[in-house]
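The values are calculated or read from the model by the stated rules, or taken from the named source; none is laboratory data. As the structure is a computational prediction, the values presented were derived from the model and not from experiment. Methodologically, a virtual Cβ is constructed for each residue, glycine included, from the backbone with ideal geometry; neighbour enumeration extends over all protein chains shown.
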Amino acid sequence: MPASRANRMTWVGTGIGLILLLVAVVVGVSWRADRSAPESSPQVSLSHIHGMAVNPADGLLYVATHHGVVRVSNTEATAVGDSRQDTMGFTVVGPDHFIASGHPAPGESGPGQLGLIESTDAGRTWRVVSLTGQADFHALRSVEGVTYGLESGTSSLLASQDRLTWEARSRIEAHDLAIDPQRPDTMLASTQQGLQRSTDGGRTWRPSAGPIVLLLDWSARDRLNAIDVNGRILRSSDGGATWSPTAGSTPGAPAAFATHGEVLYVATLDGQVLRSNDAGATWEPMLTSQS
């Protein structure tokens, strides 16, 4: 594989330890949770984008970066609130309800591993939920009350039904994770060896059909999207049993991927955020900035 392509395949975690049960040691403790924090701060540039999702409360895209969460529109990117953690794992679980993980941004104080943090005001403020100082999730997904996290230090897949107590299900060196929206025990993981499938909540895995992909988004039972190592947009209507390429591909090396209905969003490694309404055939820049 050429070096330029290998650089696009940064795979999560190398550890071998298995965490059996991790119980929250801090619950409800504020993480720079200043309720008087401003709703947003002036426009910012984007760098080191780790994840993104659309907030159903306002229909806008929220992007997790090296310096906190940023709200992106067609004309600007605005830092939300005053918390500047290096937001790694990130997902939107409901209107204005976000969960995330990571570590403090450079120069910021706080535990080296943030564990699971939560915002119920669209990222203005955050509080610690569990695993502070114990886990750094580089992927988070939540479906039907079950939350999964890929812990970067141990390559462990952890699962929780209350986001307080966690069970380690398996070890898998994966780049991304997608959960069946109607069956939370069914999931796909993108790995260097190809797609892996689990039907028992991540306890066991087996190879799945399809090419090697980097990023996944499973927004509906019959709407599974992926970006392969060549930047092609792929779609599956049968949960990943078969795949079809669309007419499109990403305009640069992809860093994060999200969908909202028929709209595709991609963030590139050089800090661009783009939107496509035609399965990736054409892309509209939402924001362009250099890291």
query = For region 110-124, what are the residues that are of a type in the set (S, T, N, Q) and part of a loop (DSSP other than H, G, I, E, B)?
reply = GLN113, THR120
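Does region 204-215 include one or more residues that are closer than 22 Å to LEU61 by Cα and part of a strand (DSSP E or B)? Spell out how you get there, then give the answer.
Step one: of region 204-215, the residues closer than 22 Å to LEU61 by Cα are 214-215.
Next, only the ones that are part of a strand (DSSP E or B) stay: 214-215.
Looking for residues that are closer than 22 Å to LEU61 by Cα and part of a strand (DSSP E or B), one finds at least one in region 204-215, hence yes.
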message = Where the second residue is part of a loop (DSSP other than H, G, I, E, B) and of a type in the set (D, E, K, R) and the first is without any contact (Cβ under 8 Å) to a residue 60 or more places away in the chain and within 27 Å of ASP136 (Cβ to Cβ) and lies in region 57-79, which pairs have Cβ atoms under 6 Å and are six or more apart or on separate chains?
response = HIS67/ARG84; GLY68/ARG84
query = With respect to the numbered conditions (1) outside any loop (DSSP other than H, G, I, E, B); (2) at pLDDT below 95, which one is the sole condition not fulfilled by THR132?
reply = (1)
message = Just to verify a result, which residue in region 120-159, among those that are touching a Gly at 6+ places or on another chain (Cβ under 8 Å) and of a type in the set (S, T, N, Q), is nearest to GLY51 (Cα to Cα)?
response = SER152
request  = Would you tally the residues in region 29-70 being at pLDDT 90 or above, part of a strand (DSSP E or B) and closer than 16 Å to THR120 by Cβ?
outcome  = 4
task = Please work out if THR246 is in contact (Cβ under 8 Å) with a residue 24 or more places away in the chain, of a type in the set (Ser, Thr, Tyr), surrounded by 14 or more Cβ atoms within 10 Å (Cβ to Cβ) and closer than 20 Å to GLY51 by Cα.
result = no
key: Residue that is nearest to VAL54 (Cα to Cα) [pool: residues in region 92-118 that are surrounded by 23 or more Cβ atoms within 10 Å (Cβ to Cβ) and of a type outside the set (A, V, I, L, M, F, W, C)]   = SER101
query = Of all residues in region 119-153, how many are closer than 20 Å to LEU216 by Cα and polar (S, T, N, Q)?
reply = 3
